[in-house]
Amino acid sequence: MIIESKTIKKVCEIAKCCYDFGWDERNGGNISVLVDESEIQASLAGAPPICRINTGVDNSNLEGKLLLVTGTGKYFRNIPNEPKESLGIIRFCKNGFADIVWGFENGGKPTSELPTHILAHKSRLAVDDNHKVVIHSHPTNVIAMTLTHPLDSKSFTLSLWRMITESLIVFPDGVSVLDWMLCGNVEIGIKSAELLKECRSVIWAHHGIFCTGSNLDETFGLIETIEKSAELYMKTLGHRITEGISDDRLRELATAFGVTPKKDLL
Ligand code: 13P
Ligand code: ZN
């Protein structure tokens, strides 16, 4: 049974954590995971697709792949109790089309941010064979930082790295920051996917974050670490008496932990 698959169980667990952390108010945020065919193929065997949708984006290179994705308007708080209504699985076809093959019961459909999710998966797969997960969420302090910090990716990354030791170790690739744009369309998806060629995280000013990774725990942990740094940044704003971790110390940290900081930052 698909409902018992480990990926669906894990998405339910992660959605609950996102909600409990206050990152996903109401229907805020969405999750998508490229699912291994072997995990659910037996359950799908012989079942006809539920319906075909036009994703509106170029999905070449994804044809045949399965994507588990949250539904539009679905409250994160309810995902663990209503997985068949809140989640669905699509199979990519040619020319931007996809078949819904499971879920979205009672009239649901994929998140309005599906274009960004699809283009983000394509971008990351092009640079990382292990890539599987995209999580979009609305963490409070990351958003607050986009109201109190210049919106350039370099200084934003450095400010986050300076707050806590863990940051450079967890995201040496930094973050990219996208100034406010209308969401839920192909244009913001194209811009985000472009930025995701160089790092795993893109922050949408005054909106939230898109993080990517090879599994749900790692991707959740990436948001957690960025949000923790942003919280420290916000808590100390206006009364900081040190700059935090200096460039020299960041270099020392990178050497000790064997990570390569995004170039031109240190
Ligand atoms: P959906 O309910 O369509 O997933 O949208 C939530 C959201 O966070 C939009 O950016
Ligand atoms: Zn959002």
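When segment 50-82 is filtered for residues that are charged (D, E, K, R) and closer than 19 Å to Glu13 by Cα, the ones remaining, listed by number, are Lys74, Arg77, Glu82. A search for C-beta distances below 8 Å between a residue of segment 53-78 that is more than 12 Å from Lys94 (Cα to Cα) and within 14 Å of ligand 1 (Cβ to nearest atom) and any residue that is in a loop (DSSP other than H, G, I, E, B) and aromatic (Phe, Trp, Tyr), counting only pairs 6+ apart in sequence or on different chains, returns Gly71/Phe104. Would you confirm whether any residue within segment 108-119 is surrounded by fewer than 24 Cβ atoms within 10 Å (Cβ to Cβ) and away from ligand 2 (no atom under 16 Å from the Cβ)? Checked segment 108-119: at least one residue is surrounded by fewer than 24 Cβ atoms within 10 Å (Cβ to Cβ) and away from ligand 2 (no atom under 16 Å from the Cβ).
For segment 108-122, indicate whether the set of residues that are at pLDDT 95 or above, more than 14 Å from ligand 1 (Cβ to nearest atom) and part of a strand (DSSP E or B) is non-empty. No, there is no match, as no residue in segment 108-122 is at pLDDT 95 or above, more than 14 Å from ligand 1 (Cβ to nearest atom) and part of a strand (DSSP E or B).
Out of all the residues in segment 158-167, is one or more of a type in the set (S, T, N, Q) and within 22 Å of Gly29 (Cα to Cα)? Checked segment 158-167: no residue is of a type in the set (S, T, N, Q) and within 22 Å of Gly29 (Cα to Cα). Arg77 meets all of the listed conditions (1) within 16 Å of ligand 2 (Cβ to nearest atom); (2) of a type in the set (D, E, K, R); (3) in contact with a strand residue (DSSP E or B) (Cβ under 8 Å, 6 or more places away or on another chain) but one, namely (3). For segment 119-131, residues that are over 12 Å from Ile188 (Cα atoms) and in contact with a strand residue (DSSP E or B) (Cβ under 9 Å, 6 or more places away or on another chain) total 7. For Leu216, the conditions (1) over 19 Å from His131 (Cα atoms); (2) out of contact with any Leu (no Cβ under 8 Å at 6 or more places or on another chain) are fulfilled apart from (1). Give the residues of segment 247-266 that are assigned to a helix (DSSP H, G or I) and touching a helix residue (DSSP H, G or I) at 6+ places or on another chain (Cβ under 7 Å), sorted by residue number. Leu250, Leu253, Ala254, Phe257, listed by residue number.
Surrounded by 16 or more Cβ atoms within 10 Å (Cβ to Cβ), within 16 Å of ligand 2 (Cβ to nearest atom) and of a type outside the set (Gly, Ala, Ser), is that true of Cys199? Against the criterion (surrounded by 16 or more Cβ atoms within 10 Å (Cβ to Cβ), within 16 Å of ligand 2 (Cβ to nearest atom) and of a type outside the set (Gly, Ala, Ser)), Cys199 does not qualify. Just to be sure, is Cys17 away from ligand 1 (no atom under 16 Å from the Cβ), among the hydrophobic types (A, V, I, L, M, F, W, C) and in contact (Cβ under 8 Å) with a residue 60 or more places away in the chain? In short, yes. Might you let me know whether segment 94-105 holds any residue that is within 16 Å of ligand 1 (Cβ to nearest atom), surrounded by fewer than 21 Cβ atoms within 10 Å (Cβ to Cβ) and small (Gly, Ala, Ser)? No, there is no match, as no residue in segment 94-105 is within 16 Å of ligand 1 (Cβ to nearest atom), surrounded by fewer than 21 Cβ atoms within 10 Å (Cβ to Cβ) and small (Gly, Ala, Ser).
Of the residues that make up segment 138-157, is at least one among the small types (Gly, Ala, Ser), more than 16 Å from ligand 2 (Cβ to nearest atom), buried (at least 16 other Cβ atoms within 10 Å of the Cβ) and more than 20 Å from Pro261 (Cβ to Cβ)? No: segment 138-157 contains no residue that is among the small types (Gly, Ala, Ser), more than 16 Å from ligand 2 (Cβ to nearest atom), buried (at least 16 other Cβ atoms within 10 Å of the Cβ) and more than 20 Å from Pro261 (Cβ to Cβ).
Among the residues of segment 67-104, those identified as out of contact with any Ser or Thr (no Cβ under 9 Å at 6 or more places or on another chain) and not hydrophobic (A, V, I, L, M, F, W, C) are Arg77, Asn81, Glu82, Pro83, Lys84, Glu85, Arg91, Asp99.
The values are calculated or read from the model by the stated rules, or taken from the named source; none is laboratory data. If you're wondering where the values come from, they're calculated on a predicted model, not measured in any experiment. Quick reminder, even Gly has a Cβ in these numbers, built from the backbone with ideal geometry, and neighbours come from all protein chains shown.
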